[in-house]
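Report on one structure; see the data block that follows.
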Amino acid sequence: MEIVLTVEEKRAIAALKRVAKIWPPSLWLFSASGNLCVMRNGPDGDSVMCSNGGVDQDYKVDKIDIPNDGGDW
């Protein structure tokens, strides 16, 4: 299947690629129930997890309203 993108869609993708080039290693993105969360790494430089295996919400610094899904293929 060939997907034809609009000019607006192409610009949005290009903007995300530009952001990826300047993204600091101290931050990462986490998809939580459709919320794209900006997370800070812990003191050791890794993602901070809770004892139950979930992501520690105390390290959430912002939310970006872009529809997303954290599922795998």
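Points to keep in mind about this one:
- Among the residues of segment 32-73, those that are loosely packed, with under 15 Cβ neighbours inside 10 Å, under 14 Å from the mean Cα position of the chain (by Cα) and of a type in the set (Gly, Ala, Ser) comprise SER33, GLY34, SER47, GLY70, GLY71.
- Test: residue in segment 13-33 that is at pLDDT below 95, among the small types (Gly, Ala, Ser) and in contact with an Asp or Glu (Cβ under 8 Å, 6 or more places away or on another chain): yes
- Verdict on LYS10 being assigned to a helix (DSSP H, G or I) and surrounded by 10 or more Cβ atoms within 10 Å (Cβ to Cβ): yes
- Cβ-Cβ under 8 Å pairs, at least 6 apart or on other chains, segment 14-35 side touching a residue at least 24 places away in the same chain (Cβ under 8 Å), far side of a type in the set (Asp, Glu): SER31/ASP69; GLY34/ASP69
- Test: residue in segment 50-67 that is hydrophobic (A, V, I, L, M, F, W, C) and touching a Cys at 6+ places or on another chain (Cβ under 6 Å): no
- Meets criteria (among the aliphatic types (A, V, I, L, M) and in a strand (DSSP E or B)) for VAL4: no
The values are calculated or read from the model by the stated rules, or taken from the named source; none is laboratory data. Not measured: the values here are computed from a predicted model. Neighbour counts run over all protein chains shown; Cβ positions are idealised from the backbone, glycine included.
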